[in-house]
Amino acid sequence: MKDGWTLPAAWYSEPAVLQAERERIFTSAWQYAGPLHQVAEPGSFFASVAGHIPVVVTRARDEELRAFVNVCRHRGHVVAQGAACRETLQCPYHAWTYGLDGALRRAPRSEREPSFDASVLSLLPVAVEAWGPFVFVNPDAAAAPLAETLGELPRALADGGVDLDRLRFHSHAEWSQEVNWKVALENYLECYHCPVAHPGFSKVIDVDPDAYRLSVHGFVSSQIGPVRDEPRGGYDPHGELRQSQYHFVWPNTTINVAPGPLNLSIERWVPAGPRTTVEVTDYFFGPDVTEERIQEVIEWDTQVAQEDVALVEGVQAGLDSRAVPQGRLLAESEQLVAAFQRRVFDALA
Ligand code: FES
Ligand SMILES: [Fe+2]
């Protein structure tokens, strides 16, 4: 891959490329699974995905946090749906029933089969860790600790005034976009387009290249945007946080902090198909933030997200033509995009 040039256009729609990405990227990476409060109680679970792999996060009576591949060991139906407090996970197909520790507890009619050994048919484990109010999973059960992926990120958030322990889950949103996952995340990874495409955002955040800071540290890429001296526009950023923060955790988790009251949103970008990405967002706020201010933050964020969807769909249409086989990146303003593409390239090459 030559410096300054993008990945080939064909990589943004070829099914074989997505298949290779699933095998070489998503099966061995830490990814945001969901909010920890859903498994606060012993005897609770929630279903999620890690890339393309269904997972279920549980807390059994022994209070241990666990996660499993959420695929039945019988004939492969997805086992658990949604989130609930209950002691068992029952597959809806033939009612094989698993404990929250993953063990197969019951398989109807298996007692009629002398060779049936339930002890080797537990749900397959995946790595799981809590970080603040978040649960991360890695389909590779032998993965290195999450802290190695997060690196300096916990400190960067704290330095920016975000105390994870004060955050409370507020709401959940999902958006489907008809674009390849890399198109969506490359758009996230630069604010070169902000002055052109996000006028409301750019009236509040100083998006000048000398003010808006970009950095890449290991698996984490960060963008820190200060509030303008005289912010104008529809969003009032007054409050304890004086800068916006946009952190990307390879390969598909993003963490956003708006200026204003204590807030954070965390997203999982699910590569659902060669041209389909589902953006799943969980919003968190400080315990004292009023609902009115919460709605202001969410509206501001949603405005930017809507503008981004139009942009990325325009990119996908152009890439799909394959008429321009490779693009040219700006070394400074698009350094996070370049780092992302380098990781994709190294994973697939
Ligand atoms: S596939 Fe789950 S019980 Fe048959
Ligand atoms: Fe954008």
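FYI, it's all coordinate maths here, none of it is from the lab. Bear in mind that the values here come from a model prediction, so they are computed numbers and not experimental data. For neighbour counting, all protein chains shown are included, and Cβ atoms are generated from backbone atoms with ideal geometry for every residue, glycine included.
Annotations for the structure displayed:
- Leu121 long-range amide H proximity, modeled H, under 5 Å: Leu104
- Convex hull of Cα atoms in region 143-255, direction-averaged projection (nm²): 8.8
- Rg/Rh ratio calculated on Cα atoms of the chain (Kirkwood radius): 1.00
- For Gln90, neighbours were defined as the other residues whose beta-carbon sits under 10 Å from its Cβ, and their charges (Lys and Arg +1, Asp and Glu -1) total +3.
- Taking Tyr246, Tyr12 and counting other C-beta atoms within 10 Å, the order from fewest to most: Tyr246, Tyr12
- Only one residue of Gln335, Thr281, Gln19 has its Cα farthest out toward the positive end of the dipole of the chain, where Lys and Arg carry +1 and Asp and Glu -1 on Cβ, and that residue is Gln19.
- Taking only the C-alpha atoms of region 257-303, the Rg (one decimal) and the largest Cα-Cα distance, Dmax (whole number), read 13.1, 42 Å.
- Mean-square fluctuations from a GNM of the chain, with a 10 angstrom spring cutoff on Cα atoms, peak among His238, His198, His52 at His238.
- Residue range of the chain that is longest and free of trypsin sites (Lys or Arg not before Pro) which are both DSSP loop and sparsely packed (at most 11 other C-beta within 10 Å): 110-231
- Taking Val304, Val312, Val179, Val337 and counting other C-beta atoms within 10 Å, the order from fewest to most: Val304, Val312, Val337, Val179
- Among Leu124, Trp96, Ile53 the positive-end extreme of the charge dipole of region 1-150 (Cβ point charges): Trp96
- Value in Å of the Kirkwood radius, where region 76-221 supplies the Cα pairs that are averaged: 20.3
- Unpaired Cys in the chain, meaning no second Cys C-beta under 4.7 Å: Cys85.
- On the principal axes of its alpha carbon atoms, region 201-279 extends 42, 26, 22 Å, with the longest extent given first.
- Longest exposed-site-free window of the chain, the sites being GluC sites (Glu not before Pro) in a DSSP loop that have at most 14 other C-beta atoms within 10 Å: 241-331
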